[in-house]
Amino acid sequence: MKRRTFLAGTAATAGLAASGAAFAADVTKAAYIYVGPVGDMGYNYQHDLGRKEMEKALGAKVKASIVENVPEGADAERVLTQLALSGNNIIFATSFGYMDAVLNVAKKFPKVKFEHATGYKRADNVATYSARFYEGRAVIGTIAGRMTKTNKIGYIASFPIPEVIQGINAAYIHAKKVNPKVEFKIVWVSTWADPAKEADAANALIEQGVDVIMQHTDTTAAMTVAEKKGVFAFGQSSNMAAAGPKAQLTAIVDEWGPYYTDRVKAVMDGTWKSMDTWGGIAAGMVTFAPFNKDMPEAVAKEANDLIATIKSGAYKPFTGPLNKQDGSVWLKDGEVADDGVIAGLNFYVQGIVGDIPK
Amino acid sequence: MDLSAINPLVLIASLMVSATPILLAAIGELVVEKSGVLNLGVEGMMIVGAICGFATAVETGSPLLGFIAAAAGSALLSLIFAVLTQFLLANQVATGLALTLFGLGFSAMLGQGYVGLKPPSTPTLHIPVLSDLPVVGTMLFSHDLMVYVSLALVAAVWATLKYTRVGLILRAVGENHDAAHALGYKVIRIRILAIMFGGACAGLGGAYLSLVRVPQWTEGMTAGAGWIALAIVVFGSWKPWRVLLGAYLFGGISVLQLNLQAAGLKVPVQYLSMSPYLITILVLVIMSANRSRAALSAPASLGRSFHASH
């Protein structure tokens, strides 16, 4: 194709797109990209539930599309560009690793709104949003500390990003608080979704005496193994009770629906602004699956009390006195970590054994 | 660090489980490549096997039927590859890659209704006397049937290739298809059968993943296992026992590195994560270091299309 015909063709397409937009001005197009399959029954599944809730709330005024299994990196940029070109008004990029791709593409399409989950870089048309998962981790840490008999808790970690490190610290601090003898065994699998590897990691942990497993990966593989081996585990992002009806103590469930509805509505109303949203238990973004029937009432009560104090704002999970892993002081007695430090958290608290991969 | 937390007996038992999918796929691909065909679609055939096996096992309640369906489904898929490369003489590399992409997408479609379900559990065999032996009993004789099937397959492939007429013909086709054709052997037919055998094995490997090792269905759950199987065939210089060694080495170190992490070994995680790949390649390359002999082990007609008019 000659360059001139190509340009003419592009212009014609652009013109068509413009006229199409004029006709369909009352329909807002929203797109979502996911790092894994929506069938992971975890993180991506939960985002897609949020998308469906948003569609239900806004009805015919919105048209949403999704792209699954988009790798973080160059591919993400290609997919985002494609979505922007195809006339989407707002695009949700739901994984941390899409960060730079989102900013690059957003620069080229100033009229399209972008929303990046769990990231920290913003622009005029790029907003960020995340949930304070670590508040949920504080709760499951408390439960884990009470429920473990071997005092060994296993943690399947994905990548050393602040969100994951917040989770490990919050869980450890609160497990330790109720059970000083508790010990964390952390395994990094370097993947968000690889069922075989997650299952192997769960097996390795159980073989070494772990009887409560936490995970920060997306699939239900570890829960399946926990059920088979008769140990406890916590669901991640989604209620994973189907994979482990006896094993699941509870799950941290991400609720994205209200947020997605608000943001798409803001685009419709023309009130959309770039901002950072970081909601936790209080905002209803972090919720819990029903507690396991085998959980003693006292433990359930303790967990519910903690949820209530976090919800009311009376208690923040990162409250001093807390030391860093090397023994230096992080937070003095009663001091509360500020959001900036939490958002960029890159160290373990005192007592956790092992190094964070760099 | 507490290395005593790692129980070597349990470790060996889990490495056998962890290596079985790769071993099954690799031994099938070895036969395919011995016949002179390079099928890069192992990953695609594995994942189709994973869902075919899973769906059948869930529907019928029988893991055995699941494994049979997995083998049949993947063999059928490999038939597409066979028709394209053997009759239509399509490029094997490109067709194989396409088969992987197709398999990944196709399995995702088939698996839509099976997400979040649990398959019937595959029983572990209890072999009288052997399973009750101390030490070796838990280590070697407390697995499910497929672990032993995979080992038997390795032995069978080795014996067939080395000692039987069928094996000789297969190798002849792979070494020099023109000569084999001149001798009156049906090159295309033999290759198609080999491709289907490879497909069936890959399917079994995939089903082992979705029925035993994890056991659940998740889209894209093979996560590159097919590519590892392909690499092990090459680095194992097309020898069945080396393929077994390679698969167990890879599976073993994959499991070991997770155990070492859990035990708190003071080695950066990145080195542990890459160790299965590095060590497997290193060991197999060193074993095949004798260059003149290594060159001999690659089938001479590997990846070349055959047409009778040549």
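Values as computed for the structure displayed
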{"read-out": "Distance (nanometres) between label positions extended 7 Å along Cα→Cβ at residue B:185 and residue A:311", "value": "7.4 nm"}
{"read-out": "Where N is the number of residues in the range A:213-358, Cα Rg divided by 2.2 N^0.38 Å", "value": "1.25"}
{"read-out": "Percent of C-alpha pairs per 5 Å bin, the range B:160-310, short to long", "value": "2, 8, 13, 16, 16, 15, 11, 8, 5, 3, 1, 1, 0"}
{"read-out": "Volume per residue of the C-alpha convex hull in the range B:94-133, rounded to whole Å³", "value": "136 Å³"}
{"read-out": "Cross-link pairs beyond the 27 Å C-alpha cut-off, checked among A:265/A:316; A:56/A:246; A:111/A:316; A:63/A:113; A:29/A:273; A:228/B:266", "value": "A:265/A:316; A:56/A:246; A:111/A:316; A:228/B:266"}
{"read-out": "Nitroxide proxy distance, nm - points 7 Å out along Cα→Cβ at residue B:300 and residue A:304", "value": "7.9 nm"}
{"read-out": "10 Å binning of all Cα-Cα separations within the range A:27-124, expressed as whole percents from 0 upward", "value": "17, 51, 30, 2"}
{"read-out": "Under-5 Å amide H pairs with residue A:353, H placed in peptide plane, nonlocal only", "value": "A:184"}
{"read-out": "Whole-angstrom gap from the range A:25-47 to the range A:263-309, using each part's C-alpha centre", "value": "19 Å"}
{"read-out": "Cα point-scatterer Debye curve for chain B, base-10 log of I(q)/I(0) at q = 0.14 Å⁻¹", "value": "-1.07"}
{"read-out": "Cut-off under 5 Å, modelled amide H: who pairs with residue A:330 long-range", "value": "A:322, A:323, A:324"}
{"read-out": "Cα pair distances of the range A:226-302 binned at 5 Å [whole percent]", "value": "3, 14, 18, 17, 14, 10, 8, 7, 5, 3, 0"}
{"read-out": "Theoretical gain in end-to-end length, residue A:333 to residue A:294 [0.36 nm per residue, Cα-Cα removed]", "value": "10.5 nm"}
{"read-out": "Degrees, to the nearest 10: A:99-108 long Cα axis against longest axis of chain A", "value": "20 degrees"}
{"read-out": "Centroid-to-centroid separation of the range B:214-272 and the range B:137-169 [C-alpha atoms, Å]", "value": "20 Å"}
{"read-out": "Per-residue [θ]222 nm for chain B (sum of -39500 (n - 2.57) over DSSP H runs n ≥ 4, rounded to 500)", "value": "-22500 deg cm²/dmol"}
{"read-out": "log10 of Debye I(q)/I(0), alpha-carbon scatterers only, for the range B:123-172 at 0.21, 0.26 Å⁻¹", "value": "-0.71, -0.87"}
{"read-out": "Viscosity 1.002 mPa s, temperature 20 °C, Stokes-Einstein D of the range B:136-231 from Kirkwood C-alpha radius, µm²/s", "value": "135 µm²/s"}
{"read-out": "Principal-axis tilt of helix A:297-312 within chain A, Cα atoms, nearest 10 degrees", "value": "50 degrees"}
{"read-out": "If the convex hull is drawn through the Cα atoms of the range B:1-135, its volume per residue in Å³", "value": "177 Å³"}
{"read-out": "Largest-first principal axis extents of the Cα set of the range B:78-148 (Å)", "value": "55, 31, 16"}
{"read-out": "Karplus (6.51, -1.76, 1.60) ³J(HN,Hα), θ = phi - 60°, over the range A:137-145, in Hz, Gly and Pro reported as x", "value": "5, 4, 5, 6, x, 4, 4, 4, x"}
{"read-out": "Translational diffusion of the range B:192-250, µm² s⁻¹ [Kirkwood Rh, Cα pairs; Stokes-Einstein; 20 °C; 1.002 mPa s]", "value": "172 µm²/s"}
{"read-out": "22 Å tail of the calculated P(r), the range A:157-229, as % of Cα pairs", "value": "21 percent"}
{"read-out": "Whole-number D in µm²/s for the range A:188-278 (Stokes-Einstein; Kirkwood sum over Cα pairs; 4 °C, 1.567 mPa s)", "value": "88 µm²/s"}
{"read-out": "Phi-based couplings in Hz for the range A:186-203 (Karplus 6.51, -1.76, 1.60; Gly and Pro marked x)", "value": "10, 10, 9, 9, 6, 7, 8, 8, 8, x, 5, 5, 5, 5, 4, 5, 4, 4"}
{"read-out": "log₁₀ of I(q)/I(0) at q = 0.13, 0.16, 0.23, 0.25 Å⁻¹ - the range B:1-74, Debye sum with one point per alpha carbon", "value": "-0.55, -0.72, -1.00, -1.08"}
{"read-out": "Built amide H within the under 5 Å cut-off of residue A:28, gap 5+", "value": "A:62, A:63"}
{"read-out": "Label-point gap, in nm, between residue A:269 and residue B:4 - each point 7 angstrom along Cα→Cβ", "value": "6.5 nm"}
{"read-out": "Kirkwood Rh (inverse of mean 1/r, distinct Cα pairs), the range A:115-255, angstrom", "value": "15.0 Å"}
{"read-out": "The range A:284-352: mean projected area of Cα convex hull, nm²", "value": "6.3 nm²"}
{"read-out": "Per-residue HN-Hα couplings for the range B:186-201 [Karplus 6.51, -1.76, 1.60; θ = phi - 60°; Hz; x = Gly/Pro]", "value": "7, 4, 4, 4, 4, 5, 4, 5, 4, 4, 5, 4, x, x, 4, 5"}
{"read-out": "Dipole moment magnitude, nearest 20 debye, chain A about Cα centre, only Lys, Arg, Asp, Glu C-beta charged", "value": "700 debye"}
{"read-out": "Mean separation of Cα contacts under 8 Å, 6 or more apart, over the residue count of chain A: relative contact order %", "value": "17 percent"}
{"read-out": "Contour minus Cα-Cα distance for residue B:307 and residue B:160 (0.36 nm per residue)", "value": "50.3 nm"}
{"read-out": "Span per principal axis, largest first, for the Cα atoms of the protein assembly as shown (Å)", "value": "85, 76, 47"}
{"read-out": "Mean-position separation - Cα centroids, the range B:54-93 and the range A:157-208, in angstrom", "value": "37 Å"}
{"read-out": "Radius of gyration and Dmax over the Cα atoms of chain A, both given in Å", "value": "21.8, 75"}
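Here, each number is a calculation from the coordinates, and none is a lab measurement. Only a predicted model underlies this, so the values are computations on that prediction, with no experimental measurement involved. Using ideal geometry, Cβ is built from the backbone for each residue, glycine included, and neighbour counts are taken over all protein chains shown.
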